[in-house]
Amino acid sequence: MTTPLQLDAYFIDHLEIEALEDFDDVRESSDLHIKIEPQHLVCEGDPLAHQLTLRVPFGPSEPGSAPYRGSISGRAFFRVSEELDSDQVAKYVLVNGAAILFGLLRGQVSQITAMSRWGTFLLPPVNLVEAFVDREQPHAGGEQ
């Protein structure tokens, strides 16, 4: 059984990570500020083809509270099933597609920081439904 959302490809567009000198490594946990900035595009010539980009800046909530500061941006290309209800496609791509893409971006940050000063750092899970409550509909056009 296939799912109504298929990942065709994904790419990392930008990755920047800085190990912070002032990190308090005796803290029991990190206090991180993270933001998820999505953009959803639909191909004009093929309404089943979607592109989702995520920009994820992150850093300490206060000085010394997190080991790294940085930003990662990536894009994913999805195909939706014709059976998916047309008024639910945008929400489905935004929430489920973002969960897929964010997981892939988290893995890249973890892999890069594994060889960094403070060791492996995993971006925390994010409630994407809550993060995207006020998102607008996807933009038509644009190149995928």
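Before moving on, here are some points about what is shown:
- The test for being within 27 Å of VAL26 (Cβ to Cβ), modelled with pLDDT under 95 and surrounded by fewer than 16 Cβ atoms within 10 Å (Cβ to Cβ) holds for GLU62.
- Entry remark, segment 1-45: residues being in a strand (DSSP E or B) and among the aromatic types (Phe, Trp, Tyr) number 2 in total.
- Taken together, LEU54, LEU122 contain a single residue that is more than 20 Å from THR2 (Cβ to Cβ), part of a strand (DSSP E or B) and either modelled with pLDDT of 95 or more or in contact with a Ser or Thr (Cβ under 9 Å, 6 or more places away or on another chain) (or both), which is LEU54.
- Residue match in segment 71-89 (condition: hydroxyl-bearing (Ser, Thr, Tyr), surrounded by 15 or more Cβ atoms within 10 Å (Cβ to Cβ), modelled with pLDDT under 95 and over 8 Å from the mean Cα position of the chain (by Cα)): no
The values are calculated or read from the model by the stated rules, or taken from the named source; none is laboratory data. Bear in mind that the values here come from a model prediction, so they are computed numbers and not experimental data. All Cβ positions, glycine included, derive from the backbone under ideal geometry; neighbour counts span all protein chains shown.
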